Amino acid sequence: MSDKIISDISKSFHLDEVFKDASQIFTFKHANTEEIIKDCIFVFDTNVLLVPYQTKHKSLEEIGSILKKLVEEDRLYIPARVAREFASNRAEPSKRLFKTLNQYKESLNKVNIKIPDQPMLENNEDFRQLQSNLHKLKESIEAVKKSYERVEKNILSWNWNDPVSTLYAQIFRENIIIEVEKSKDELLKDLHRRIALKIPPGYKDANKGDEGIGDLVIWQTVLEIGKKFSRHIILVTNDKKSDWFYTENNQPLYPRFELYEEYRTYTQGKTINI
């Protein structure tokens, strides 16, 4: 049988592959988040690990307490692909922060408040007070500029020891970082199948340089974690693309049913919430 015929059959009957056991579509009870949250495993996507860069210090401390508790309970796992993507992207928040501060500092350099001497007002008390206040304002602006420079210097001193990276280094142990078990060839073959048949996740990133392999590697790791521990999972992500969620008017509604079904089948009846 030619490759084209095999490909045509796959496209025609891909629903049979996605929903292998049609009877379970009606009988399987999908557990909601409230039902599984006390005993499930949590898996974090890359975009979630980057969120704390936008939070205040108190919020960062609270996030750290939650993560530490989950790790101690053996209920938090990070796909190795997520760790690698975090390493690749964690400089971006610092770059944006540095750029923002630099823009504010440059705006101060454009401040030029000056009133020439006015001989007729030399003995005017209000004019003298105005000149004095202007002088104080200039001194304050110079002090602010120096403060900006000190903050920038502080950011430049970060060598992968920014507050978020430092927090993760204190909490994340090596055993919670999980490598995907499938080979690179198996993953690429699966990716091309999903792109051709528009099976989630990953096909929406087909135009990326890596063809969107990242989402698929993370998803395959989630499946393997669920099967290994035979547990319900909550996958925490900020991804809103339509190969993860049903969307309408660019608003994510709820996760794709194909993902629920694939996880249920792969883990022999467990539930995933996203």
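The values are calculated or read from the model by the stated rules, or taken from the named source; none is laboratory data. Note that this is a predicted model, so its numbers are computed, not measured. Cβ sites come from the backbone with ideal geometry, for glycine too, and all protein chains shown count toward neighbours. Remember, those area values only see protein heavy atoms, side chains included, never the ligands or the DNA or RNA. Shrake-Rupley method; radii C 1.70, N 1.55, O 1.52, S 1.80 Å.
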Where both partners of a DSSP beta bridge lie in the chain, what percent of those bridges are antiparallel, to the nearest 5?
30
Could you tell me the center-to-center distance, by alpha carbons, between segment 111-152 and segment 250-271 in angstrom?
64
What helices in the chain pass both tests, a Cα length along the helix axis of 15 Å or more and a mean Kyte hydropathy of 0.0 or higher, using whole DSSP H runs?
213-229
Please list, ordered by chain and number, the residues whose modelled amide H lies under 5 Å from the amide H of T247; skip anything fewer than 5 residues away on the same chain.
L253
From the residues I66, T166, V180, which one has its Cα farthest along the dipole of the chain in the positive direction, the dipole being from +1 and -1 charges on Cβ of Lys/Arg and Asp/Glu about the Cα centre?
T166
From zero up to wherever the largest Cα-Cα distance of the chain sits, split into 10 Å bins and tell me the percent of pairs in each.
6, 21, 25, 17, 11, 8, 6, 4, 2, 0, 0
Scan around I178 for amide H atoms under 5 Å from its own, H built in the peptide plane at 1.01 Å from N, and keep only partners 5 or more places away or cross-chain.
I78, A80
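Charges at C-beta only: +1 for Lys and Arg, -1 for Asp and Glu. How large is the resulting dipole of the chain about its Cα centre, in Debye rounded to 20?
Working: 43 positive and 43 negative charges, 86 e Å.
Dipole about the Cα centre, nearest 20: 420 debye.
About its Cα centre, what dipole magnitude does segment 58-112 give when the only charges are +1 on Lys and Arg Cβ and -1 on Asp and Glu Cβ, stated in debye to the nearest 20? Numbers along the way, then the final one.
Details: 12 positive and 8 negative charges, 71 e Å.
It comes to approximately 340 debye.
Accessible area of segment 28-163 with a 1.4 Å probe: how many percent of it is carbon plus sulfur?
Details: 5060 of 9510 Å².
Carbon with sulfur: 53 percent of the solvent-accessible area.
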Using per-residue counts of other Cβ atoms within 10 Å, averaged over each peptide, order 113-125, 64-76, 256-268 from highest down.
256-268, 64-76, 113-125
When every protein chain stays in place and a 1.4 Å probe is rolled, K189, K99 sorted by accessible area with the largest first are K189, K99
